[in-house]
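A short worksheet on the structure shown next.
The values are calculated or read from the model by the stated rules, or taken from the named source; none is laboratory data. Because the structure is a prediction, the values reported are computed rather than measured. FYI the Cβ positions are ideal-geometry reconstructions off the backbone, even for glycines, and counts take in every protein chain you see. Only protein heavy atoms, including side chains, enter the accessible area calculation; ligands, DNA and RNA are left aside. Shrake-Rupley method; radii C 1.70, N 1.55, O 1.52, S 1.80 Å.
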Amino acid sequence: MAEKHKPAPMVDEVSEFEVLEIAVRELAIEKGLFSAEDHRRWTEYMHTLGPLPAARLVAKAWLDPEFKKLAVKDGVKASLDVDIDWIGSMPTNFGTPSDYCNLRVMEDTPKLKHVVVCTLCSCYPRPILGQSPEWYRTPNYRRRIVRWPRQVLSEFGLQLPEDVEIRVVDSNQKSRFIVLPVRPEGTEGWTEDQLAEIVTRDCLIGVAVPKPGQTSNDPRPVHPAKNPYKH
Amino acid sequence: MTERNRQKPAKDAPYPDLITNERFRECMRTPHDVGGEDDVPMQWEEKEEEVWEHNTFVTCEVLAWRGVWNAEERRRRQNVDLGNSNYLAIPYYGRWLLTAARILVDKQHVTLTELIEKMDEVKKRYE
């Protein structure tokens, strides 16, 4: 290259996916199928999502037996107590098109562990848990967790005794699941905020259990994006 | 190695008498129905999201919000209609994106020519 000091370009080559994404979005806007404002509002809504509301729901259920009953009976109604409105949420005011209004909260016991998958695609309770992790979307996880759940959980670092039954719940377009884990020992007298901190995303999917002192998912490699989205 | 990759008939496009009912039922299974298939352990990783992946998700949701399609139609197109090879070959949001492009053309909101010309125009911005 003649200009030796020219900074390296952001991308070596624009990918077909990047080109097609821009083309589809711009054409849809030009044709009036949706507006740029619609797209911007949805992006802003996405920024509000994450696992914290589901973690708060679990913490509340640990502290309040009546709320736990409600959560297990009617997850959508219980979600209102953590400020998640599945039915009337912005920006559509009719919920999100891809996440229907049926959340089921699966209660673990010392002898029963739940873990969530969506074998047919990657259904996930986005309104209360945010975007799914990439591993949850992989064909590998979807193939194996329903057949060798004990082994797959051990690969996530969760070794369960043989006398603990594992129940895999398979999501579908109408029903979404989160796990209500057993409250760990060593959390007596904790506040709701303290408890919510140890209920990580992985605990809510069911591939981990809450531990005092652990407030994030187990570390694992991160595959970098070429042009990462800044949240 | 998945179930559907086994028991290949002796030739491509086999004669009718060369395909068993079991093999036929296997062929009819949709590509996204992977639960219970064989596979070997892999390294579980997190992944950063590309800008186009984020935008694709938003575009698909907004297309549904504004009534261009619904989630069932989107799922059928991106999980079934792509076919087995592309289902496994293309990134997760790549399948969403192809499906969004096809819905615009299939429902005659844009012509294939308009889509191709727009893609050429976008590519030129990067030259």
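Picking from A:Val115, A:Val24, A:Val105, which is most flexible by a Gaussian network model of chain A using Cα springs under 10 Å?
A:Val24
Determine the per residue accessible area of the protein assembly as shown with all protein chains present and a 1.4 angstrom probe, expressed in square angstrom. Could the numbers behind the result be given before it?
Details: 17930 Å² over 358 residues.
Each residue of the protein assembly as shown exposes 50 Å² on average to a 1.4 Å probe.
Computed from the mean reciprocal separation of all distinct C-alpha pairs, what Kirkwood hydrodynamic radius does the range A:35-161 have, in Å?
Working: mean 1/r = 0.0615 Å⁻¹.
Evaluated on the range A:35-161, it is 16.3 Å.
From the helices alone, meaning DSSP H stretches of at least four residues, give me the mean residue ellipticity at 222 nm for chain B, per-run term -39500 (n - 2.57), in deg cm²/dmol to the nearest 500.
-15000 deg cm²/dmol
Check cross-link reach from B:Lys118 to the aspartates and glutamates: straight Cα distance under 20 Å, and skip same-chain residues fewer than eight apart.
Partners within reach: A:Glu13, A:Glu16, A:Glu18, A:Glu21, A:Glu26, A:Glu30, B:Glu53, B:Asp106, B:Glu127.
Too long at a 20 Å Cα-Cα cut-off: which of A:Lys31/B:Lys107; A:Lys68/A:Lys113; A:Lys60/A:Lys211; A:Lys73/A:Lys211; A:Lys31/A:Lys174?
Values: A:Lys31/B:Lys107 12 Å; A:Lys68/A:Lys113 17 Å; A:Lys60/A:Lys211 17 Å; A:Lys73/A:Lys211 26 Å; A:Lys31/A:Lys174 31 Å.
Too far apart for the 20 Å limit: A:Lys73/A:Lys211; A:Lys31/A:Lys174.
Quick check for me: using +1 on Lys/Arg Cβ and -1 on Asp/Glu Cβ, what's the dipole size of the range A:112-202 about its Cα centre, in debye to the nearest 20?
In debye, rounded to 20, the range A:112-202 gives about 740.
Obtain the nm distance between the two label points defined at B:Arg66 and A:Asp85 by a simple spin-label model: each point lies 7 Å from its Cα along the Cα-to-C-beta direction.
That separation, rounded to one decimal, is 2.4 nm.
Based on the Cβ-Cβ distance of A:Ser15 and B:Arg76, what FRET efficiency does E = 1/(1 + (r/R0)^6) give at R0 = 25 Å, to the nearest 0.05? Please report the intermediate quantities before stating the final value.
Details: r = 26 Å, r/R0 = 1.04.
Between A:Ser15 and B:Arg76 the formula returns 0.45.
Let me have the relative contact order for the range A:83-231, percent, based on Cα pairs under 8 Å that are six or more residues apart. The partial results should precede the final answer.
Details: 211 pairs, mean separation 40.7, N = 149.
Result for the range A:83-231 is 27 percent.
For chain A, what is the largest minus smallest coordinate of the Cα atoms on each principal axis, given in angstrom and ordered from greatest to least?
Extents along the principal axes: 66, 41, 35 Å.
With all protein chains present, how much of the accessible area of the range A:51-205 (probe radius 1.4 Å) comes from carbon and sulfur, to the nearest whole percent?
Values: 3270 of 6260 Å².
Its accessible area is 52 percent carbon and sulfur atoms.
Using a Cα-Cα cut-off of under 18 Å, which aspartates and glutamates could be cross-linked to A:Lys111, ignoring same-chain neighbours fewer than 8 residues away?
Here the aspartates and glutamates satisfying the reach criterion relative to A:Lys111 are A:Glu162, A:Asp163, A:Glu165, A:Glu185.
Suppose the chain between A:Asp193 and A:Arg220 were pulled fully straight at 0.36 nm per residue; how much longer would it get relative to their current alpha carbon spacing? If you can, show how the numbers build up before the last one.
Numbers: separation 27, 0.36 × 27 = 9.72 nm, distance 2.56 nm.
Extra length available between A:Asp193 and A:Arg220 comes to 7.2 nm.
In Å, the Kirkwood hydrodynamic radius of the range A:99-231 over pairs of distinct alpha carbons?
Values: mean 1/r = 0.0636 Å⁻¹.
It works out to 15.7 Å.
Return the percentage of antiparallel bridges among DSSP beta bridges fully within the protein assembly as shown, rounded to the nearest 5 %. Don't skip to the answer; put the middle values down first.
On the way: 3 of 16 bridges.
Percent antiparallel among DSSP bridges in the protein assembly as shown is about 20.
Take peptide B:30-43, look around each residue's Cβ out to 10 angstrom, count Cβ atoms belonging to other protein chains, and average those counts.
Details: counts 1, 1, 7, 3, 11, 13, 8, 8, 4, 9, 2, 7, 7, 6.
Per residue, the number of nearby Cβ atoms from other chains is 6 on average.
Which whole number gives the average count of other chain Cβ atoms within 10 Å of the Cβ atoms across peptide A:94-100?
Working: counts 1, 0, 4, 13, 9, 2, 1.
Across A:94-100, the average partner-chain Cβ count within 10 Å equals 4.
Build a GNM of chain B with springs between Cα atoms under 10 Å: which of B:Gln78, B:Gln43, B:Gln108 gets the top mean-square fluctuation?
Comparing B:Gln78, B:Gln43, B:Gln108 in a Gaussian network model of chain B, the most mobile one is B:Gln43.
If you take the accessible area of B alone plus A alone and subtract the pair, what total do you get in square angstrom, rounded to 100, with a 1.4 Å probe? Provide the component values of the computation, followed by the final result.
Values: alone 10180 and 14290 Å², together 17930 Å².
Buried: approximately 6500 Å² between A and B.
Looking only at other chains, what is the average number of their beta-carbon atoms within 10 angstrom of each beta-carbon in A:128-135?
Numbers: counts 0, 0, 0, 4, 1, 4, 9, 6.
Mean partner shielding for this stretch: 3.
Viscosity 1.306 mPa s, temperature 10 °C: give me the Stokes-Einstein translational D for chain B in µm²/s, with Rh taken as the Kirkwood radius over C-alpha pairs. Mind showing how you got there, number by number?
Working: Rh = 17.6 Å.
D = 90 µm²/s.
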